[in-house]
Structures are given as structure tokens and as C-alpha cells.
Amino acid sequence: MNPSDLEERLARRRAEVERDLAHLCTAGQAPGRLGEAVAHALEGGGKRLRPVLVLAAFDAADRGGPGAASRRRAAIPPAVAVELVHTYSLVHDDLPAMDDDDTRRGRPSCHRAYGEAAAILAGDALLTEAFRVLADPRGYPPDTPAPLVRDLVVALAEAAGHRGMVGGQAVDVGLAGPVRDAESLDALHRGKTGALFVFSAVAGGMAAGATPERLAALRTYGDRLGLAFQIADDVLDLAQDAPGEEAGGPPSYPALLGEADSRARARQLAGEAAAAVEGFGPGAALLVDLAWHAAERRR
Ligand code: GRG
């Protein structure tokens, strides 16, 4: 893979996502400091990885031919919705009661810029808006089957809630049992980080009308990608000398496995992700490249 070629393909899809976010998400228009806090949270150079993944999964799974461009529009609401959920999670994760972070993406975190009340409400507004965007038929092509929209709403609720991201975060902050070994650390991150990656990959496939076998392959892909991404994140923290988890919190992967084994595990997971979508053909090239990129990323 040529890295600048991948960067170019990602940048093109990111630009698409920025346009769709601006078009579909109304939460930044809320009056006063609430709207400003929402806009602040949504800006700042996020990688938009999850929505890009929705689009890449659609492109991998769609049969192509007549109507492809219209069908692809059905992938836009889940792409926007998952970024809104991700953004809310970062705002709430930075709050004093959670990670207590002063900065996010090199700028003041939302509560540092606008105060805790505004940040809590901005997160609430983003989460609620995610489901409004996902459920609103006006965001989809006119011939979109209603069950697709319903199934996407259920899938995002499962990924974002107590069986997914919120459940993983609860373990992370010590509300739901100890983390002592690689297996329980995997379970934490499958919830906290992985569930939104799985949703993204599967939602792209759902929008493309993929077969159950292909949806299962995309689920495996998202699961392995999510873990590889998280391990790479821990390795990056180590390289940047970022403060580790608070005393008493769960260990990082390098703390548990060592740096070399963590890197090797991330590469192994990327290989499993790539293998899961091997049968999709050349349309899955971006998914494959993304898996390796996530495991070996530098930001
Ligand atoms: C508060 C309910 C709740 C959940 C928080 C996702 C999360 C759960 C916390 C984020 C903490 C964190 C730094 C996790 C490590 C991996 C991760 C999800 C990093 C942030 O995602 P990126 O790198 O961020 O995609 P950008 O800024 O590019 O959007």
C-alpha cells in the first residue's frame, strides 16, 4: 500500500463526511452556548474514522451497477449518526467525573471551553441527535425499506449502550468488575471502542443490502479492527509518554503484554480483519488498507 494514496482516499471520504455532517446534524444550531459547545465538540480535526468505515463497508459490499449512487445515500445517516455518538462519548469521557482531560485534539476539551453544564448537555444533544438523524426518513433515498432504518436504529442502540460502549466505559471506570488479564481487557475494549467499529462496518453492509454471510464477515472485520485500533492507541500513548490509566484503573495493553507483543497482536488482528473481507474482492481494498493503517497508525 502507498501511504499517501491511502491518505488521499481517506481525505476524499472525510470531506464527504464533513459535508453530510453539516447537512444532516442540526445540534450545532442550538441557541447560545449549547450550540457553541456542540460545534466545538464536532470540530477540531477528528479523523472521522467511523463514518469513513461505514462508507468503505458500503463500497465493499454493494453490488454496483444501476442505482448504486442512490443506494449509497442510505449509508449517509448511519455514517453521520455514528460520528455524533463518538463525539458525545469523547465530550463525556473528558469530564471531571470520567477521565478529567483538559485537552482534546490539541484544543481545550468541551467542558474546559464551555463549562461542565454545557458539556454534559452538548453530549446529551449529540447522542439524541444521532438517533434523530438515523431514524429520520428524510435523510434516506425515497425507496429505502423501512425495516432497514429500524434495524440500523436497533444496531446503533446496542452498540452505544450498556451492551456496547457505555458497558465498556463502566468497566473502565471501575463500575463493573476488575480487569486482570488480556481476556477481560479485550472485553472492556470490545465494548468501549470496538462496538462502534462493528456498528460502522455492519451498517455499511446493511445499507448495501449485504447477505447475512457478508454481514457476519463485516462484524468480524469491525471487531478485529476495533481491538487493533485500541492496542495501537495504547502503544501511541506509550510512545508519546502520555499519562497512563489512573492508579487502580485497568492496565494498558503494553503494561499487560509488553510493547513488542502489543504491536504483534495489533498486526495479527489487522490480518484477521483483512482476511474476513478477502472474499469481497477489489471493492474491499480500502477496508483492508484501513485495517493495517489502524494497527500501525501514528496518530
Ligand atoms: C463516556 C459513554 C462514554 C464513553 C467513552 C470512546 C470512549 C468511551 C472514550 C474515549 C477514550 C479514549 C481516548 C479511547 C481510546 C480509543 C479512542 C476511542 C480514541 C478516540 O478515537 P479517535 O482516535 O478520535 O477516532 P478522533 O479525535 O479522531 O475522532
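Which helices (runs of 4 or more DSSP H) does the range 145-215 wholly contain that include 1 or more residues that are away from the ligand (no atom under 16 Å from the Cβ) and crowded, with 17+ Cβ neighbours inside 10 Å? Outline the logic, then answer.
Working: elements: 146-160, 165-172, 182-189, 195-207.
Answer list for the range 145-215: 146-160, 195-207.
Tell me, which helices (runs of 4 or more DSSP H) wholly within the range 30-121 include 1 or more residues that are without any contact (Cβ under 8 Å) to a residue 40 or more places away in the chain and more than 19 Å from the chain's Cα centre (by Cα)?
On the way: elements: 32-42, 49-61, 68-72, 76-93, 110-114.
Those helices (runs of 4 or more DSSP H) span 32-42, 68-72, 110-114.
Determine, yes or no, whether Asp261 is crowded, with 18+ Cβ neighbours inside 10 Å, among the charged types (D, E, K, R) and assigned to a helix (DSSP H, G or I).
Working: crowded, with 18+ Cβ neighbours inside 10 Å: no; among the charged types (D, E, K, R): yes; assigned to a helix (DSSP H, G or I): yes.
Criteria not met by Asp261.
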When you scan the range 69-83, do you find a residue that is of a type in the set (Val, Ile, Thr), within 13 Å of the ligand (Cβ to nearest atom) and crowded, with 23+ Cβ neighbours inside 10 Å, even just one? yes
Restricting the search to the range 19-41, which residues are surrounded by fewer than 20 Cβ atoms within 10 Å (Cβ to Cβ) and within 16 Å of the ligand (Cβ to nearest atom)? Ala39
Scanning for something closer than 21 Å to Arg104 by Cβ, of a type in the set (D, E, K, R), assigned to a loop (DSSP other than H, G, I, E, B) and within 12 Å of the ligand (Cβ to nearest atom), does the range 244-251 turn up at least one residue? yes
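A short reminder: the numbers here are calculations on the coordinates, not readings from a lab. Everything numeric in this text was worked out from a predicted model, so none of it was measured. Don't worry about glycine lacking a Cβ; one is built from the backbone with ideal geometry, like all the others, and counts go over all protein chains shown.
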